[in-house]
Amino acid sequence: MLILTLAAASLVRKALATASASGMIAVRYNLALAGLSAVEAGAAIAAGGAAAPDLDVDAPSANYYAWRQPGEDARGVPTALQTRDAFPPGARVLAAGDLAVRYVVERLCVAPGPAAPERCTLSPPSVAAVSGSPEPGEQAPAPYYRVSARIDAPDGSAGYVQAMLGPGSAAKRVAWRIVDEP
């Protein structure tokens, strides 16, 4: 009887550990899905639509910066998202169920102002353009953007996601990652 009791206790502990791990995976999945809303909001800004701010100047209340902000941590999380209190007052916070999504869009430049090759990461021109004869209708090089999001859960936990957006009116999603603890 003692052996059966110990075996049952061991099985219960393993089941609880499995449920806990499954719960953590579900939380991470939900945080990542909520981060997609920030990526889409950032893509709308980067595409330069009617509601987008002037892309050459900072607009913190619109969650936009014309250059990569100093002070990011080792994971690449901007200062404005490292704590809830650092987020700009009046900036847009998205709701995803009971999650709060704070996000920042940064143009990949070292200074604000018009996007120029000496200060911004621009889309590469075609081989023909480099040789001096661009294709007819070829678009000029344009800057890339980084969208970083902090997703806060009601229990006080937070998750982070980042996406790189390519240039152009469609703001192509170039890369996506869930930012883990260092």
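The values are calculated or read from the model by the stated rules, or taken from the named source; none is laboratory data. Computed from a prediction, not measured in an experiment: that's the story for all the values here. Neighbour counts are summed over all protein chains in view; Cβ atoms, including those assigned to glycine, are modelled from backbone coordinates with ideal geometry. The protein model used for the area step is the full one, side chains on, heavy atoms only, and it has no ligands, DNA or RNA in it. Shrake-Rupley method; radii C 1.70, N 1.55, O 1.52, S 1.80 Å.
Scanning the range 50-65 for residues that are free of Cβ contacts under 8 Å to residues at least 24 places away in the same chain and open to solvent by 40 Å² or more (accessible area, probe 1.4 Å), which turns out nearest to Arg119 (Cα to Cα)?
Of everything passing the filter in the range 50-65, Asp54 is nearest to Arg119 (Cα to Cα).
Being more than 15 Å from Arg150 (Cβ to Cβ), touching a helix residue (DSSP H, G or I) at 6+ places or on another chain (Cβ under 9 Å) and surrounded by 17 or more Cβ atoms within 10 Å (Cβ to Cβ) is the filter here; which residues of the range 66-112 pass it?
Arg107 - this is the single residue of the range 66-112 that is more than 15 Å from Arg150 (Cβ to Cβ), touching a helix residue (DSSP H, G or I) at 6+ places or on another chain (Cβ under 9 Å) and surrounded by 17 or more Cβ atoms within 10 Å (Cβ to Cβ).
If I filter the range 144-157 down to residues being surrounded by fewer than 22 Cβ atoms within 10 Å (Cβ to Cβ) and in contact (Cβ under 8 Å) with a residue 12 or more places away in the chain, which single residue comes out as farthest from the chain's Cα centre (by Cα)?
Per the stated criteria, the residue is Pro154.
Consider only pairs whose beta carbons are under 8 Å apart and that are at least six residues apart or on different chains; among these, list those whose first residue lies in the range 91-103 and is more than 19 Å from Pro60 (Cα to Cα) and whose second residue is open to solvent by less than 20 Å² (accessible area, probe 1.4 Å) and part of a loop (DSSP other than H, G, I, E, B).
Close Cβ pairs satisfying both conditions: Asp98/Ala153; Leu99/Ala153.
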